[in-house]
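Down below is the structure, laid out as structure tokens.
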Amino acid sequence: MKLPIIFAASSASGAAIEIIVMLLVAAIIGFLTAYFYYRSKWKNGAVDQADVDSLRSENSRLEKELVGVRELYKKAVAEIDDTMVELKNTKDELEEKDEVLVRIASRKHLLNYDSFGTASEEEKDDLKMIGGIGPFIETKLHALDIYTFRQISRFDEEDIKTVTEAIEFFPGRIERDHWVEQATELVHSHGKETDVLANIRKKKSLINFDRIGVSKKEDADDLTVISGIGGFIQKKLNALDIYTYQQIANFNKEDEEIVTKAIEFFPGRIERDEWVAQAKELSYSGGDRTELFERMKQRKHKINYSVIGVAHREDADDLTAISGIGDFIQEKLNAIDIYTFEQISRFTAVEEETVTEVIEFFPGRIKRDKWVAQSKKLAAKK
């Protein structure tokens, strides 16, 4: 939950204003004290040129201090405005999420629990260990009383279809991200994780550390920030002494193939999920994706939505169906309110260049990968 962070930010802003007000008051008191002191001396005829020079110097110093205090005050006001906007956005986001979870929970009766079993919250596994399941997807599954790897490992085709619709997920994503296979591995490795990781460690000699770089556990980044890496995959990578974004950013095709085999991953998944591109972005931004998305949102005004059309999250298509768009690029497009095939199908050459710039993509790739032509076909099918 973000609320504690927001309350802390509000408190910090309030404290900043109190400090600035006190500084302002102190500066005024100092000014008035000096003024009345020298005025009294002037009346008594006790003032000389040195006193006049001193008074002028003191006035100059206090005026500079007042200018500084005014600047601090302006910054504090701006900070409060930003915090209020963040408060409103977070409040709206939390309310929206609550509405979504209530809506999802109302669909429990559609699921066949006889097929994949029931579980209680006390039995819950960390479903984020499965690549493709993030915090919000996990919360959605909990709203359906799906808490364990064992339940997901037992999904059949009908269960996958029903759960996909119930959690308002992209059709085909559960299969594409191999939830069932990953959950099955996690069930089978329960109590055997040490042996699994020990076997992976034996394959470290296959990794070309001269190329990808060497790192230690104490330098570890949170690799699960990379879309497509779940908690268990992170443990496997760490078993190979792969700990950082920079190491993954240095992967070439050969490295991708060697690591895929070493961690017994699904062939082609590292490339498809764009680990390298994501790792480069994260390494550049110091591991803070928030900074990256904020940067894109600030440039969003450059896009001509009157040309491509407006869409909302609830209208979202699975843009990864377009060849050339992986999970990470989809996240970027969604961050600038591009959600549908229809919007991309309306891209002009100008919009291709603008979107490329805004999402910090490779120049010419949208045109080369024929996003517009693909989107037109997918929109027509839809």
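Overview of values
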quantity: Exposed GluC sites (Glu not before Pro) absent: longest stretch of the chain, with sites in DSSP loops and at most 15 other Cβ within 10 Å deemed exposed; calculated: 1-167
quantity: Entries of Lys64/Lys91; Lys108/Lys261; Lys202/Lys253; Lys97/Lys216; Lys97/Lys253; Lys192/Lys261 with Cα pairs more than 31 Å apart; calculated: Lys64/Lys91; Lys108/Lys261; Lys97/Lys216; Lys97/Lys253
quantity: Where trypsin sites (Lys or Arg not before Pro) fall in DSSP loop in the stretch 148-199, at most 11 other Cβ within 10 Å; calculated: Lys192
quantity: 18 Å reach of a label modelled at Thr260, 7 Å along Cα-to-Cβ, counting backbone N of the stretch 103-146; calculated: 131-132
quantity: Under Karplus coefficients 6.51, -1.76 and 1.60, residue-wise ³J(HN,Hα) of the stretch 245-256 in Hz, glycine/proline x; calculated: 4, 4, 4, 5, 4, 8, 4, 10, 4, 5, 4, 4
quantity: Pairs of Cα atoms farther than 35 Å apart, the chain, %; calculated: 45 percent
quantity: Extension gain (nm, one decimal) between Ser54 and Lys382, 0.36 nm per residue minus Cα-Cα; calculated: 110.0 nm
quantity: Unit Cα scatterers, Debye sum, the stretch 109-188: log10 I(q)/I(0) for q = 0.10, 0.12, 0.20 Å⁻¹; calculated: -0.18, -0.27, -0.82
quantity: Cα-Cα P(r), the stretch 193-281, percent of pairs per 5 Å interval; calculated: 3, 15, 30, 30, 18, 4, 0
quantity: Straight-distance crosslink candidates among aspartates and glutamates, where the alpha carbon sits under 15 Å from Lys302 and sequence neighbours closer than 8 are dropped; calculated: Glu294, Asp337, Glu351, Glu352, Glu353, Glu357, Glu360
quantity: Reach of Lys381 by Cα under 23 Å, taken over lysines that are not fewer than 8 positions away in the same chain; calculated: Lys161, Lys367, Lys370
quantity: The chain: calculated mean residue ellipticity at 222 nm from DSSP helix runs of at least 4, using -39500 (n - 2.57); calculated: -19500 deg cm²/dmol
quantity: Distance between modelled label sites at Ser205 and Tyr284, nm, 7 Å Cα→Cβ extension; calculated: 3.8 nm
quantity: Simple spin-label estimate for Glu181 and Glu165 in nanometres, 7 Å along Cα-Cβ; calculated: 2.6 nm
quantity: Distance between modelled label sites at Asp241 and Glu93, nm, 7 Å Cα→Cβ extension; calculated: 3.9 nm
quantity: Highest-MSF residue in the chain out of Gln298, Gln246, Gln234 [GNM, Cα springs under 10 Å]; calculated: Gln298
quantity: Largest-first principal axis extents, alpha carbons of the stretch 289-381, Å; calculated: 36, 29, 26
quantity: In sequence order, calculated HN-Hα J values of the stretch 336-348 (Karplus, 6.51, -1.76, 1.60; Hz; x Gly/Pro); calculated: 10, 6, 9, 10, 10, 4, 4, 4, 5, 5, 9, 4, 9
quantity: Under the Karplus curve 6.51 cos²θ - 1.76 cosθ + 1.60, θ = phi - 60°, whole-Hz ³J(HN,Hα) for the stretch 108-114, x wherever Gly or Pro sits; calculated: 3, 5, 7, 8, 9, 5, 5
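Laboratory data are not the source of any read-out in this text; all were calculated from the coordinates shown. This is a predicted model, so every value here is computed, not measured. Glycine also receives a Cβ, built like all others from the backbone with ideal geometry; neighbour counts cover every protein chain displayed.
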